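Novice: Mind looking over this structure? Questions follow.
The values are calculated or read from the model by the stated rules, or taken from the named source; none is laboratory data. Fair warning: this is a prediction, and the values are worked out from it, not measured in the lab. Positions of Cβ are generated from backbone atoms using ideal geometry, with glycine treated the same way; all protein chains shown enter the neighbour counts. Just so you know, the surface numbers come from the protein's heavy atoms only, side chains and all, with ligands and any DNA or RNA stripped out. Shrake-Rupley method; radii C 1.70, N 1.55, O 1.52, S 1.80 Å.
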Amino acid sequence: MGEKKRNVFVISGPSGCGKNTVYDELKKRYPDIAQTVSATTREKRAGETDGVDYYFISKEEFLKRVDNGEFAEYVCYGGNYYGTLNSEIKRLSDEGKTVVLIIEVNGAENVKKMLPDAVSVFILPPSFEELKRRIIGRGTNSAEDIEKRLEIAQSEMRCKDKYDYCVVNDDLEACVNSISEIIKGAVQK
């Protein structure tokens, strides 16, 4: 009997490495790819839709679900909780989707413990200087927030060896091609 087909992919990397841009390009190539919708306790922002951008739930509800073991991973960031519900992964898998979780490194570690067959990919920036340029170039972060993101990025980049694959995003097309090959190799087994 052949190896089990794997259809859950974890993509991580520091802020500014291009995770969402890479996912958007992968989605164009693979219509059956689907990103999980995270649950959060933060307030809904203008233009966001419950069940599309996030599942917006109360802190009490979130913690109750944590106690019930309903999360594949979760984290408290900036005073709010964020997490991936097991039911969300199951729903997308049951629909025959290739499931993608774009999450931070602690969450990725938890997913690998709960779903050892999940394939993990860490996206690296071409250099720390380029990462800094990208974060500053967004024009949406304060100087204090930029420094905090850069500190977190350095810490996250030290975790890259815990991933099944590391891909440098110095050229978007090449990065997407590399991750496409990883996905094709895993889902065809």
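Novice: In nm, to one decimal, how far is the Lys184 label point from the Tyr77 one, both placed 7 Å along Cα→Cβ?
Specialist: The two pseudo-label positions are separated by 3.1 nm.
Novice: Quick check: residue separation of Arg42 and Glu151 times 0.36 nm, minus the Cα distance between them. What number comes out in nm?
Specialist: Taking Arg42 through Glu151 to full extension adds about 36.9 nm, to one decimal.
Novice: Turning to a different aspect of this structure: What relative contact order, as a whole-number percentage, does region 66-168 give when Cα pairs under 8 Å and 6 or more residues apart are counted?
Specialist: 25 percent
Novice: Now for a different question. Given the options Leu131, Val75, Phe56, identify the residue whose Cα lies farthest towards the positive end of the charge dipole of region 21-162 (+1 on Cβ of Lys, Arg; -1 on Cβ of Asp, Glu).
Specialist: Leu131
Novice: Probe radius 1.4 Å, ligands and nucleic acids ignored: give me the carbon and sulfur share of the accessible area of region 30-189 as a rounded percent.
Specialist: 47 percent
Novice: Report the Cα-based extents of the chain along its three principal axes, largest first, to the nearest Å.
Specialist: Extents along the principal axes, in whole Å: 54, 43, 30.
Novice: Take region 102-146, compute every pairwise Cα distance, and split them into 5 Å bins from 0; I just need the percent in each bin.
Specialist: With 5 Å bins starting at 0, P(r) equals 5, 18, 18, 15, 17, 12, 11, 4.
Novice: Another question, if that's okay. Dipole size in debye (nearest 20) for region 131-173 around its Cα centre, Lys and Arg Cβ +1, Asp and Glu Cβ -1?
Specialist: Values: 9 positive and 10 negative charges, 29 e Å.
So the dipole magnitude of region 131-173 works out to roughly 140 debye.
Novice: Farthest toward the dipole's positive end in the chain, which of Gly185, Ile102, Ser120, given Cβ charges of +1 (Lys, Arg) and -1 (Asp, Glu) about the Cα centre?
Specialist: Result: Gly185, furthest along the dipole toward the positive end.
Novice: Moving to a separate point now. Sum up the charges of everything whose Cβ sits under 10 Å from the Cβ of Lys44, counting Lys and Arg as +1 and Asp and Glu as -1, but leave Lys44 out.
Specialist: With Lys, Arg at +1 and Asp, Glu at -1, the net is -2.
Novice: Using the Kirkwood radius over C-alpha pairs as Rh, can you work out the diffusion coefficient of region 62-103 via Stokes-Einstein at 25 °C, viscosity 0.890 mPa s, in µm² per second?
Specialist: Result for D is 220 µm²/s.
Novice: Dipole of the chain, Cα-centred, from +1 at each Lys and Arg C-beta and -1 at each Asp and Glu C-beta, to the nearest 20 debye?
Specialist: 300 debye
Novice: Could I ask something else about it? Suppose only helical runs count, i.e. DSSP H with n ≥ 4. What mean residue ellipticity at 222 nm does that imply for the chain under -39500 (n - 2.57) per run, divided by all residues and rounded to the nearest 500 deg cm²/dmol?
Specialist: Per the formula, -13000 deg cm²/dmol.
Novice: Further question: Using the Cβ atoms and a cut-off under 13 Å, what net charge is assigned to the surroundings of Gly18, where Lys and Arg are +1 and Asp and Glu are -1?
Specialist: Values: positive: Lys19, Arg133, Arg134, Arg138; negative: Asp24, Glu25, Glu130, Asp170, Asp171, Glu173.
Net local charge, Gly18 excluded: -2.
Novice: Under 10 Å, Cα contacts only: if you run a Gaussian network model on the chain, which one of Ser155, Ser142, Ser38 comes out with the highest mean-square fluctuation?
Specialist: Looking only at Ser155, Ser142, Ser38, the largest GNM fluctuation is found for Ser142.
Novice: How many angstrom separate the Cα center of region 129-169 from the Cα center of region 55-122?
Specialist: Each part reduced to its Cα centre gives a spacing of 22 Å.
Novice: Only Cα pairs under 8 Å and at least 6 apart count here; give the relative contact order of the chain as a rounded whole percent. Please list the in-between numbers first.
Specialist: Details: 271 pairs, mean separation 64.7, N = 189.
The value is 34 percent.
Novice: Additional query: In debye to the nearest 20, how big a dipole does region 34-94 give about its Cα centre with +1 on each Lys and Arg Cβ and -1 on each Asp and Glu Cβ?
Specialist: With only Lys, Arg, Asp and Glu charged at Cβ, the dipole is about 60 debye.
Novice: Using modelled amide H (1.01 Å from N, peptide plane; none on Pro or chain starts), what sits under 5 Å from the amide H of Ile102, excluding residues fewer than 5 places away?
Specialist: Long-range HN contacts for Ile102: Ile11, Thr36.
Novice: Say we join alpha carbon atoms closer than 10 Å with springs in a Gaussian network model of the chain; which of Gly16, Gly96, Gly139 then has the biggest fluctuation?
Specialist: Gly139
Novice: For a quick protection proxy, order the peptides 54-65, 97-108, 120-131 by their average other-Cβ count within 10 Å, most packed first.
Specialist: Top of the packing list down: 97-108, 120-131, 54-65.
Novice: Can you figure out the FRET efficiency of Asp50 with Asp161, using R₀ = 45 Å and their beta-carbon distance, to the nearest 0.05? Before the final figure, lay out the partial values.
Specialist: Details: r = 37 Å, r/R0 = 0.83.
E(calc), rounded to 0.05, equals 0.75.
Novice: With all protein chains present and a 1.4 Å probe, how do Met114, Met157 order by accessible area, largest first?
Specialist: Met114, Met157
Novice: How far apart, in nanometres, would the label points at Phe128 and Val168 be if each is projected 7 angstrom from Cα along the Cα-to-Cβ direction?
Specialist: Roughly 1.6 nm, to one decimal.
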